[in-house]
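Engineer: Quick one: structure below, then a few questions.
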Amino acid sequence: AAEKLSYIHIKKGNRHHLHRFEHYFQKAVQKKYIKPGDEFSELQLAKSANVDIFTVREYLIQFSRFNLITNLSRGRWKLTEFTQHYADKLFELREMLECHALNCFMNLPKEDIRWNKMKMLLQEHRNLRNNIVEKYVDFAQLDHQLHTLILSAADNPFINDFIELISVIFHFHYQWDNRDLRTRNILAVEEHLAILVKIVSQDDLGAITELKRHLQTAKKSLMNSIQMIRQK
């Protein structure tokens, strides 16, 4: 009991602890210390990450609302197995939100600084494409920058929260099956370039078309990944 009390010293997880636990949990999933179907306790995670138990609970609850993690009983959780139906619904939501945000972006005033940021991203993608075979892991940062920049035009914190959660889910799942990461990133860079060219040239319809194509490719890749994992 005394040992457990040492991890229950505040009523609400503080921001520093939350970031620390987020890093620990993502690494645990990436390294496959925690796999889909595994059960674990809040106390176990709190001790491993050296944070208080309320921080662990706060972090897990945000995923349980979307059935990514299941609350089995008091203090015990289970990492939910990904299904194709679940992924399909996530992509349906993601496409609606990102297409809305892109429409907002295309209607930004010409003097908005984000147009220049988009041009800079276009050049950074071109630079990465020239060295993509060796630097394919660098794509993740550009991917985050592009989608964040598009979403910023919607100026909606609720959309940002949903997209952030969806991104974490996809990140987790791709870590479970990362065999084709280089191939996926090489293709994704080309698709990003197609989107960026249409945005910078202010081709509204073309930009939306390329974004939808990119999201469909990501969806197909994830569906194939889920199927392969379930066959193991």
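The values are calculated or read from the model by the stated rules, or taken from the named source; none is laboratory data. The shown structure was predicted, so the numbers you read here are calculated from the model rather than taken from an experiment. Counting neighbours? That spans all protein chains shown, and the Cβs are built from the backbone with ideal geometry, glycine included.
To keep it simple, each residue is scored yes or no on (1) at pLDDT 90 or above; (2) crowded, with 17+ Cβ neighbours inside 10 Å; (3) small (Gly, Ala, Ser); (4) outside the structural domain of Asp155 (by TED's automatic domain parsing).
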{"position": "His16", "(1), (2), (3), (4)": "no, no, no, yes"}
{"position": "His19", "(1), (2), (3), (4)": "no, no, no, yes"}
{"position": "Glu39", "(1), (2), (3), (4)": "yes, no, no, yes"}
{"position": "Leu45", "(1), (2), (3), (4)": "yes, yes, no, yes"}
{"position": "Asn50", "(1), (2), (3), (4)": "yes, no, no, yes"}
{"position": "Ile61", "(1), (2), (3), (4)": "no, no, no, yes"}
{"position": "Ile69", "(1), (2), (3), (4)": "no, yes, no, yes"}
{"position": "Cys99", "(1), (2), (3), (4)": "yes, no, no, no"}
{"position": "Lys110", "(1), (2), (3), (4)": "yes, no, no, no"}
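Engineer: Another question, then. Hey, can you tell me all the residues within segment 148-163 that are in a helix (DSSP H, G or I) and exposed (fewer than 15 other Cβ atoms within 10 Å of the Cβ)? Give the derivation first.
Structural biologist: Going through segment 148-163, the residues in a helix (DSSP H, G or I) turn out to be 148-152, 157-163.
Scanning segment 148-163 gives Thr148, Pro157, Phe158, Asp161.
Engineer: Based on this model, can you work out whether Lys117 counts as closer than 16 Å to Leu187 by Cα, among the basic types (Lys, Arg), without any contact (Cβ under 8 Å) to a residue 40 or more places away in the chain and assigned by TED's automatic domain parsing to the domain that holds Ile163? So that I can check it myself, show each step before the final result.
Structural biologist: Numbers: closer than 16 Å to Leu187 by Cα: no; among the basic types (Lys, Arg): yes; without any contact (Cβ under 8 Å) to a residue 40 or more places away in the chain: yes; assigned by TED's automatic domain parsing to the domain that holds Ile163: yes.
When the stated conditions are applied, Lys117 does not pass them.
Engineer: Pairs needed: first member in segment 185-200, free of Cβ contacts under 8 Å to residues at least 40 places away in the same chain; second member anywhere, surrounded by fewer than 20 Cβ atoms within 10 Å (Cβ to Cβ) and of a type in the set (D, E, K, R); C-beta distance under 9 Å; at least 6 residues apart or different chains.
Structural biologist: That search, which allows pairs on different chains as well, returns Glu191/Arg213; Ala194/Arg213; Lys198/Asp204.
Engineer: Still on this structure, I have one more. So is Asn156 within 23 Å of the chain's Cα centre (by Cα) and of a type outside the set (D, E, K, R) or not? Can you show your working first?
Structural biologist: Details: within 23 Å of the chain's Cα centre (by Cα): yes; of a type outside the set (D, E, K, R): yes.
Yes; evaluated as a whole, the condition is true for this residue.
Engineer: Which ones in segment 201-215 are free of Cβ contacts under 8 Å to residues at least 40 places away in the same chain and part of a helix (DSSP H, G or I)? Walk me through how you get there before you give the answer.
Structural biologist: Looking only at segment 201-215, we keep the residues that are free of Cβ contacts under 8 Å to residues at least 40 places away in the same chain, and these are 201, 203, 205-206, 209-210, 213-214.
Passing the criteria: Leu205, Gly206, Thr209, Glu210, Arg213, His214.
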